[in-house]
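Student: Encoded as structure tokens, here's the structure I'll be asking about.
The values are calculated or read from the model by the stated rules, or taken from the named source; none is laboratory data. Everything quoted here is computed from the prediction, not taken from an experiment. Here the Cβ positions follow ideal geometry from the backbone for every residue, glycine too, while neighbour counts run over all protein chains shown.
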Amino acid sequence: MVLVQNVSKLYRLYDKPSDRLRELFPFRRRRLHTDFWALKNVTVHVGAGEILGIVGPNGSGKSTLLQVASGILQPTSGRVAVEGRVAALLELGAGFNPEFTGRENVFLNSEIMGLSRTQTERVFPEIAAFAEIGKFIDRPVKEYSSGMYVRLAFATAIHVEPEILIVDEALAVGDAIFANRCLHKLEELRDRKVTILFVSHDLGLVKRLCHRAVLMLKGEVAAEGTPGEVVNRYVGLVHGQQSVAAEKSDLTGNYRHGDRASVITRIRLIDDDGRETPAVRAGDRVRIEVTARYETVVHNPIVGILIRNRLGIEVFGTNTRIEGRDLGDLAAGDELTISFSFLCFLTRQEYTLTVATQHSDGRSQDWLDDALQFTVVDDRDTAGLARFHTDIEWDVRRCA
């Protein structure tokens with residue numbers, strides 16, 4: 001369990017180092033520093049066995065929050081309560097002595113975490129196998145590449161049997177093979193009910209892995225909830241440069257954002273027989289209709305759709321610009337309906353539909369996340385996301 005309650009972190013910023021000393025003089029009244037609040041009254045609770053993802057733009061306080069939660073930084077105010085053995089993988093370079101070999105650093109970090117030498121010797125082969133740095137395990141880590149370093153650091157952190165794992169964006173330096181290995185390991189830790197806090201710019205990973213998510217902005221918690229809701233609000237902030245205080249949609253109850261130069265008034269999913277439906281059959285033609293009313297003069301707007309699966313992974317998206325359709329000039333009061341028609345080659349599962357109207361420069365007018373939920377039905381079992389419409393040809397040859 002991790003509890004961060006009403007935590008604030010203040011840094012004093014000086015123009016030059018000597019100002020720190022000059023400010024101590026008793027006769028000086030003018031401040032020579034400016035206050036910077038990296039965290040402002042932040043409260044976050046992570047229950048045992050829960051995974052919390054933390055997202056937000058650079059400089060929003062994400063890494064500071066993890067450092068406070070792991071005990072590396074002391075808060076200016078507030079309190080932090082942690083129950084369980086904590087393993088933290090934060091800044092690249094933290095925790096390892098560059099003069100020690102990889103093997104020596106593994107044993108040193110394991111002892112700091114409370115493991116005996118015998119316990120470390122037992123798990124060391126697993127650590128070395130996971131890191132896959134070969135003979136470099138007995139070379140000083142100052143000779144490592146960034147990828148080798150983080151592989152060994154992550155392998156050590158997850159094999160010391162932590163009850164709480166805190167991970168910053170350090171995993172981003174790994175290659176695709178290592179990232180996939182880490183993902184499977186994190187899923188394994190989730191199944192073992194290990195409490196995990198991690199910062200990631202991989203929004204798809206946050207949706208796939210986390211039970212809850214937090215959006216940080218300017219040192220404060222701007223949104224907290226399900227990964228889908230929080231990620232959608234963050235994406236809305238990025239696309240529309242709008243306030244994060246999104247409002248509820250009258251259409252669906254999901255969050256929407258935009259400057260309201262246009263308003264989406266109706267969304268319809270229509271099957272091959274021309275009927276509005278919540279379910280479509282794989283291989284059939286489906287039509288998505290989006291109706292929007294324009295509240296002001298707009299030049300060549302964009303209307304688009306985006307399909308996600310139940311894990312929040314973006315499966316397919318298109319818009320009028322991609323399709324080469326120029327909508328021209330629209331005046332206040334104009335209304336139009338855009339139809340997107342295509343053969344549905346999705347596998348059997350549930351999906352959500354996001355729709356949006358945008359300015360020609362990409363700024364949002366009206367963006368509705370997960371505005372519609374629909375199901376693809378199929379008599380055939382297929383793995384993955386795409387169902388190829390032709391029968392698969394196959395052959396078997398027995399080798400002599």
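Student: Could you give me the residue pairs with C-beta distances under 6 Å whose first residue belongs to the range 203-214 and is farther than 15 Å from Gly47 by Cα, whose second residue is of a type in the set (Asp, Glu) wherever it lies, and which are 6+ apart or on separate chains?
Tutor: Final answer for the pair search is none.
Student: A further question on this structure: Which one is farthest from the chain's Cα centre (by Cα) among residues in the range 109-132 that are closer than 27 Å to Gly71 by Cα and small (Gly, Ala, Ser)?
Tutor: Checking each candidate, the answer is Ser116.
Student: Mind checking whether some residue in the range 71-86 is under 28 Å from Ser8 (Cα atoms) and hydroxyl-bearing (Ser, Thr, Tyr)?
Tutor: Looking only at the range 71-86, we keep the residues that are under 28 Å from Ser8 (Cα atoms), and these are 71-86.
Restricting the remaining residues to those that are hydroxyl-bearing (Ser, Thr, Tyr) gives 76-77.
Within the range 71-86 (the criterion being under 28 Å from Ser8 (Cα atoms) and hydroxyl-bearing (Ser, Thr, Tyr)), the answer is yes, since at least one residue qualifies.
Student: I'd like the residue in the range 155-170 that is assigned to a helix (DSSP H, G or I) and out of contact with any helix residue (DSSP H, G or I) (no Cβ under 6 Å at 6 or more places or on another chain) and, out of all such residues, is nearest to His201 (Cα to Cα).
Tutor: Step one: list which residues in the range 155-170 are assigned to a helix (DSSP H, G or I), which gives 155-159, 169-170.
If we keep only those that are out of contact with any helix residue (DSSP H, G or I) (no Cβ under 6 Å at 6 or more places or on another chain) too, we end up with 157, 169.
Working: Ala157: 21, Glu169: 7 Å.
The selected residue is Glu169.
Student: Could I ask something else about it? I'd like the full set of residues that are in a strand (DSSP E or B) and of a type in the set (Ser, Thr, Tyr), limited to the range 352-367. Show your work before the answer.
Tutor: Applying the first criterion (in a strand (DSSP E or B)) to the range 352-367 yields 352-358, 364-367.
Across the range 352-367, the qualifying residues are Thr352, Thr354, Thr357, Ser364.
Student: Shifting gears a bit: For the range 10-19, which positions are hydroxyl-bearing (Ser, Thr, Tyr) and not in a strand (DSSP E or B)?
Tutor: Of the residues in the range 10-19, the ones hydroxyl-bearing (Ser, Thr, Tyr) are 11, 14, 18.
Residue satisfying the conditions is Ser18 alone.
Student: Something else now. Looking at this structure, is Gly219 over 15 Å from the mean Cα position of the chain (by Cα) and of a type in the set (Gly, Ala, Ser)?
Tutor: In short, yes.
Student: Considering only residues that are of a type outside the set (A, V, I, L, M, F, W, C) and under 15 Å from Arg363 (Cα atoms), which ones fall in the range 297-319?
Tutor: Going residue by residue through the range 297-319, those that are of a type outside the set (A, V, I, L, M, F, W, C) are 299-301, 304, 308-310, 312, 314, 317-319.
Residues satisfying the conditions are His299, Asn300, Pro301, Gly304, Asn319.
Student: From the set of residues in the range 21-42 that are surrounded by 12 or more Cβ atoms within 10 Å (Cβ to Cβ) and free of Cβ contacts under 8 Å to residues at least 12 places away in the same chain, which is farthest from Ser77 (Cα to Cα)?
Tutor: Residues of the range 21-42 that are surrounded by 12 or more Cβ atoms within 10 Å (Cβ to Cβ), as a first pass: 22-23, 32-33, 37-42.
With free of Cβ contacts under 8 Å to residues at least 12 places away in the same chain added as a condition, the list becomes 22-23.
On the way: Arg22: 26, Glu23: 23 Å.
That would be Arg22.
Student: Hydrophobic (A, V, I, L, M, F, W, C), surrounded by 14 or more Cβ atoms within 10 Å (Cβ to Cβ) and either touching a residue at least 24 places away in the same chain (Cβ under 8 Å) or over 30 Å from Pro140 (Cα atoms) (or both): is that true of Ala81 in this structure? Full working, then the answer.
Tutor: Details: hydrophobic (A, V, I, L, M, F, W, C): yes; surrounded by 14 or more Cβ atoms within 10 Å (Cβ to Cβ): no; either touching a residue at least 24 places away in the same chain (Cβ under 8 Å) or over 30 Å from Pro140 (Cα atoms) (or both): yes.
Answer is no for this residue.
One line per residue, one yes/no per condition, for (1) modelled with pLDDT under 85; (2) in the same structural domain as Lys40 (by TED's automatic domain parsing); (3) part of a helix (DSSP H, G or I); (4) touching a His at 6+ places or on another chain (Cβ under 8 Å):
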position	(1), (2), (3), (4)
Glu121	no, yes, yes, no
Phe124	no, yes, yes, no
Ala128	no, yes, yes, no
Ile177	yes, yes, yes, no
Phe198	no, yes, no, no
Val206	no, yes, yes, no
Ala213	no, yes, no, no
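Student: Please indicate, with yes or no, whether at least one residue in the range 151-159 is surrounded by 15 or more Cβ atoms within 10 Å (Cβ to Cβ), aromatic (Phe, Trp, Tyr) and touching a Cys at 6+ places or on another chain (Cβ under 7 Å).
Tutor: Let us first name the residues in the range 151-159 that are surrounded by 15 or more Cβ atoms within 10 Å (Cβ to Cβ), namely 151-159.
Okay, now just the ones that are also aromatic (Phe, Trp, Tyr), so 154.
Imposing the further condition that a residue be touching a Cys at 6+ places or on another chain (Cβ under 7 Å) reduces the set to 154.
Yes, there is a match, as at least one residue in the range 151-159 is surrounded by 15 or more Cβ atoms within 10 Å (Cβ to Cβ), aromatic (Phe, Trp, Tyr) and touching a Cys at 6+ places or on another chain (Cβ under 7 Å).
Student: Another question about this same structure. Can you tell me which residue in the range 304-326 is modelled with the lowest pLDDT, limited to those that are touching a Lys or Arg at 6+ places or on another chain (Cβ under 9 Å) and of a type in the set (D, E, K, R)?
Tutor: Looking at the filtered set, the residue picked out is Glu314.
Student: Among strands (runs of 3 or more DSSP E) lying entirely in the range 20-113, which contain 2 or more residues that are at pLDDT 85 or above and in contact with a Cys (Cβ under 8 Å, 6 or more places away or on another chain)? Step through it out loud before you land on a result.
Tutor: Details: elements: 33-46, 51-55, 77-82, 86-89.
In the range 20-113, the matching strands (runs of 3 or more DSSP E) lie at 51-55.
Student: Given the conditions (1) touching a Leu at 6+ places or on another chain (Cβ under 6 Å); (2) within 23 Å of Asn232 (Cβ to Cβ), and given that Thr34 satisfies all but one, which numbered condition is not satisfied?
Tutor: Every condition holds for Thr34 apart from (2).
Student: Within the range 350-391, count every residue that is modelled with pLDDT of 85 or more and at positive phi.
Tutor: Within the range 350-391, residues that are modelled with pLDDT of 85 or more and at positive phi number 2.
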